[in-house]
1. Can you work out the FRET efficiency for the pair VAL30 and SER259, with r the C-beta to C-beta distance and R0 = 41 Å, to the nearest 0.05?
2. Express the relative contact order of the chain as a whole percentage, based on alpha carbon pairs under 8 Å and six or more residues apart in sequence.
3. What is the helix-to-structure angle for 266-275, meaning the angle in degrees between its Cα long axis and the longest Cα principal axis of the chain, kept from 0 to 90 and rounded to the nearest 10?
4. Tell me, what ³J(HN,Hα) does each residue in segment 284-299 have, in order and in whole Hz, if you take phi through Karplus 6.51 cos²θ - 1.76 cosθ + 1.60 with θ = phi - 60° and put x for Gly and Pro?
5. Within segment 7-47, whose backbone N sits under 19 Å from a point 7 Å along Cα→Cβ of THR70?
6. In terms of modelled amide H atoms, which long-range or inter-chain residues lie less than 5 Å from the amide H of PHE113?
7. Output the peptides 158-170, 301-313, 238-250 sorted from most to least packed, where packing is the average of other Cβ atoms within 10 Å over each peptide's residues.
8. Can you list the HN-Hα couplings for segment 34-47, worked out from phi with the Karplus curve (6.51, -1.76, 1.60; θ = phi - 60°), rounded to whole Hz and with x for Gly and Pro?
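What follows is calculated from the coordinates using simple rules that are stated; it is not laboratory data. Given the structure is predicted, the values throughout are model-derived calculations rather than measurements. Note that each Cβ is placed from the backbone with ideal geometry, even for glycine, and that neighbours are counted across all protein chains shown.
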Amino acid sequence: MTLQQRLHNSQWRSLLSGADNIYFAPHIPVKKLQGAMTYISAAIKPQDIVMLIDDTVFGSAKDGLCLTETELFFKEGFGEVYQFLFMQIQRVEADLGIINHGLLINGTHTLNFSQLDKGTVRALAGLLNELCQPPQQQQQTQTHQKEKVQLNVMHYLFAYFITYPTGQWSEASQRALTDYFAKLKNPDVNQSIAYLIQQPPYTDYEDLLHGLAELKVEMSYEARMQMIESLVYVMALGQIDQEQAQRFMVQLCRVTGVSPAVWADLVDAVYGGMQQDGQHADVPLTDEQHQACKLLDISPERLSEQSLQTAYRKKMAEFHPDQYQQLPEAVRQLIEQQAQQLNQARSILKDYLNI
């Protein structure tokens with residue numbers, strides 16, 4: 001498969017195509033090609049260019065980036081020309097500054113752009129990392145990278161919310177975040193959090209939302225719902241005002257495409273549960289109670305009257321009779337049995353909570 005074909009099939013192309021200064025062959029304007037040829041090797045012909053980024057203010061394309069089947073060329077305004085063979089590139093990182101944003105090649109060479117925003121630079125880094133891999137390694141590596149990017153964005157959001165009141169780490173916030181992730185028993189995650197709490201909290205909330213929006217297409221609806229639930233829990237750990245937490249939750253729902261109606265009582269449930277923390281901490285759940293929590297998708301650590309009520313409503317909404325009137329009788333009976341199991345699970349947990 002040629003590099004141009006890989007460009008066409010790349011998940012990153014759709015994110016980059018929206019920029020008005022990024023072009024893909026065969027739709028690169030002739031004037032742009034002519035401008036780019038001023039800094040590209042004389043051995044390269046205009047038809048060899050498969051992607052072009054014009055990083056000039058007036059559109060001459062005499063500064064920017066070009067890709068051929070085997071090489072990357074870059075020219076910064078009033079700067080030198082860089083040329084890399086793809087086989088020489090081991091990794092590409094987004095280097096995001098206050099004004100200019102760039103790419104860090106192999107940890108040593110920085111390619112600064114003046115006309116690209118943060119989101120575009122991040123997508124460009126993702127594309128180049130993909131193109132620099134042998135095709136047979138792409139699928140496995142792409143899956144790993146997606147998971148890593150998702151975790152990074154989530155971790156930074158966790159750090160943002162848990163330090164929101166002060167904008168800096170405290171012993172309490174560091175301990176709360178560490179304890180929260182320790183429950184996952186994932187060494188890689190724990191290592192990432194240990195590093196994160198040693199760094200100043202990332203305070204560009206709009207940038208974090210932008211990164212979250214880019215992940216939307218990579219995450220299932222259920223995963224996005226679970227993420228929002230976890231973030232609201234961290235807001236409570238960070239002692240964010242409940243009204244502010246509600247506003248944050250609505251923003252997160254909007255960015256991730258999750259209906260706020262699904263989580264109408266989420267903030268009340270989480271904050272109410274936090275207030276009741278410790279009430280049942282010394283009373284371990286029985287196997288039956290654990291099974292009831294599992295059936296209702298409630299984390300035992302978050303079990304409270306509010307969380308039980310919210311989870312029960314959400315689950316029962318899936319079994320509304322109007323949705324199944326056209327199904328065979330046997331199927332309807334099975335659905336009714338599942339609804340009865342939910343009722344029984346709620347009853348078991350209500351007894352545990354003494355409500």
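1. Values: r = 47 Å, r/R0 = 1.15.
Calculated value: 0.30.
2. On the way: 411 pairs, mean separation 32.2, N = 355.
Once normalised by length, the contact order is 9 percent.
3. Roughly 60 degrees between the two axes.
4. Whole-Hz 3J(HN,Hα) from phi for segment 284-299: x, 6, 7, 4, 5, 6, 4, 5, 5, 4, 5, 5, 9, 6, 10, 5.
5. 7, 40-47
6. Distant-sequence amide H within range of PHE113: HIS101, GLY102, LEU103.
7. Numbers: 158-170: 18.4, 301-313: 20.1, 238-250: 16.8.
Per-residue mean Cβ counts within 10 Å order the peptides as 301-313, 158-170, 238-250.
8. 4, x, 5, 5, 6, 10, 8, 3, 5, 6, 8, 9, x, 6
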